[in-house]
Amino acid sequence: MGEADGSVRFYCTAGGGMETFLLDEVKRKLEATEVEHIPGRVFFCCRAALQELMRLKSAERLFLLLRKAPPTSLPKNPAKAASMIQQSIVGNPDVWRQALSTWAALQAELNGSHGRGQKRKREEEEDDVNGIKESVESEDACGLGQNRPTFRVSCRCSGAIARCCNSQNLSRIIGVAISQQLGWKADLRQPNLEVNVYMSDDHCVLGIPLLRHPLASRSYMKHTGLRSTIAWAMTSVCPIEEASVILDPMCGVGTILLEAAQECPSAVFIGMDSEEAQLQKAAENVEAAGQVNRMLLVQSSCMDIPLPTGSVDAVLCDVPFGRRFSCSTDMTSALPRILAEMERVLSDGGYLVLLLSLQLSGQIKKLVKSNTPNPESRAAGRNTKSPDHTHGVSKHSSEPDENRETERLKLSSLLLQNTHRVSLGSTDAIIHTYTKTHTLTH
């Protein structure tokens, strides 16, 4: 919604735990003001062009804020509850008129940024936008134009409201209120715009999506892996300097490295994985992103990284969990050896950023515990290799041996900087950030 100084009020949705990353990003990239947040949403005011907002990496979706209303205490009677929602949801019609005008201007800005190859499509969309703007500018006694925009309502609710009305019924109730009070016409198939509503015991937020696709959907990713917002968050906690060498020893389809490459134009990236199929997908992603000259992909075991000691400036890695490798040993037993190898190739002052399950997070806290180096035992731990590896993980081990291995592989040169808990949807994970304080002498 437009402000007196020409700035516009927006909000973005964010995955669980990503709000702090998004708060920092809108302040830093957009010089946003009036920045605040609730769980899953960050509100801000800025004068940035829409193309600049589209460069936000930690956000899921971008909305124009219609209004942020106080929560509604509903009566238990469904009919009375529906009536109360209809009376309170719209508020001042002038607010909706101003928001509609701002939305139309932003859509014209977005369409105007398309290439000539989309000229016909752009003209058609601009005709729709101009029609809406004309209807807004041609006011009637109610303060709105006679040619109303078509709309549909998308609603998400929780708490007492959800127990009273499900999302579908609530969308219908709100849609009726908008039609009756503003004169807009409902169209579930091809509306001019969508009204997004979030209602809970603590919040009531109404907004209009500005883009058809989520910001989290990266155009340069042909094959998807780790959620791009989480991958970007991992790169954001790692200060990467010019000409740095960045390694992901279990790169999968290359999501983390490609997110880092977008932010660090002068760095060099190395992706390793033991699975040829994953590396093939990573290669296709790298080519689609135009990063072939900056990205080296190598088939290798994370237990035996083919790089010299202290040769990389940062290691970024989504340590697999929730599934097993194609062998009988899972990540719990393999983690000490994998981390020791990551520590070895990392240079002094380098950063190690890991995405870990809650279980592996607890395990690494036991490993990165000692501040007393033990070079001989550490070297012995690295030089002890199983003759049979899949993904660099031994197929045969016993619990006593694993306990002794853990003791030998205390990661004494790593210093914990911070942790961030984030949601992956069905489960949570924790981003660990470490720096390497010294190189052990062998």
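Every number here is computed from the coordinates shown, using simple stated rules; none is lab data. On a predicted model such as this, the values are computed, not experimentally measured, just so you know. We place every Cβ from the backbone using ideal geometry, glycine too, and count neighbours over all the protein chains shown.
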In the calculated pair distance distribution of the stretch 169-326, what percentage of Cα-Cα distances lie above 21 Å?
57
Tell me which residues come under 5 Å, amide H to amide H, from Ala186 once H is placed; ignore anything under 5 positions away on its chain.
Phe151
Taking Lys and Arg as +1 and Asp and Glu as -1, residues besides Ile256 with C-beta under 9 Å from its C-beta add up to -3
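Near Ser228, within a Cβ-to-Cβ distance under 9 Å, what is the net charge of the other residues, with Lys and Arg +1 and Asp and Glu -1?
Numbers: positive: Lys57, Arg218, Arg227; negative: Glu259.
Counting the neighbours of Ser228, the net charge comes to +2.
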Compute the signed sum of charges (Lys and Arg +1, Asp and Glu -1) over the other residues within less than 12 Å, Cβ to Cβ, of Gly17.
0
